[in-house]
Each structure stands twice: as structure tokens, then as C-alpha cells.
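Written out below as C-alpha cells is the structure these notes cover.
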Amino acid sequence: MPKLKSKSSAKKRFRRTASGKLRMNAAYKRHNLRKRSQKMKRKARDGGVLTAADARIVSQFLPYSRGN
């Protein structure tokens, strides 16, 4: 069987936690930050964890990441 390819876009945007969940970066943190409230920027620092439904989709894009 040939190796499966990972989606390059998913490799750049998501990573696995130690428990196997998928972490994502927060949106709206690239530019025009002067418009955003300090509270929004502070909360967006950590990013977040994908929901189970979204994680199932992204996991297919990353066939060799652990936790599959």
C-alpha cells in the first residue's frame, strides 16, 4: 500500500495534545489588533481544542498523527 499524504494546510494549523485531542490557534489575531479589545486578545492567546465532530474531520487530514 502506498503511504497516505497529509494535508499541508492541516499540518500548519493543528497539533495534537498529549491526550490525543487536536489544538487550534485562535482566529482574528493577525492584523488590525488595535480595534480588538484587550480582553479578546488575551482570551485568543491560548487558542482552543477542536470539538469532537471537527476533530474527526481534521484527523482524516492527518493520517499519521498519534491518537488516530
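Laboratory data are not the source of any read-out in this text; all were calculated from the coordinates shown. All values derive from a computational prediction rather than experimental measurement. Don't worry about glycine lacking a Cβ; one is built from the backbone with ideal geometry, like all the others, and counts go over all protein chains shown.
Overview of values
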{"quantity": "Subset of segment 1-53 [among the polar types (S, T, N, Q) and more than 18 Å from the chain's Cα centre (by Cα)]", "calculated": "N32, S37, Q38"}
{"quantity": "Tabulated pairs, segment 16-30, first in contact (Cβ under 8 Å) with a residue 12 or more places away in the chain, second of a type in the set (F, W, Y) and in a strand (DSSP E or B), C-beta under 6 angstrom, 6+ apart or interchain", "calculated": "L22/F14; M24/F14"}
{"quantity": "Residues that are touching a Lys or Arg at 6+ places or on another chain (Cβ under 8 Å), surrounded by 14 or more Cβ atoms within 10 Å (Cβ to Cβ) and assigned to a helix (DSSP H, G or I), drawn from segment 10-68", "calculated": "A55, F61"}
{"quantity": "Any chance S37 is touching a residue at least 40 places away in the same chain (Cβ under 8 Å) and small (G, A, S)", "calculated": "no"}
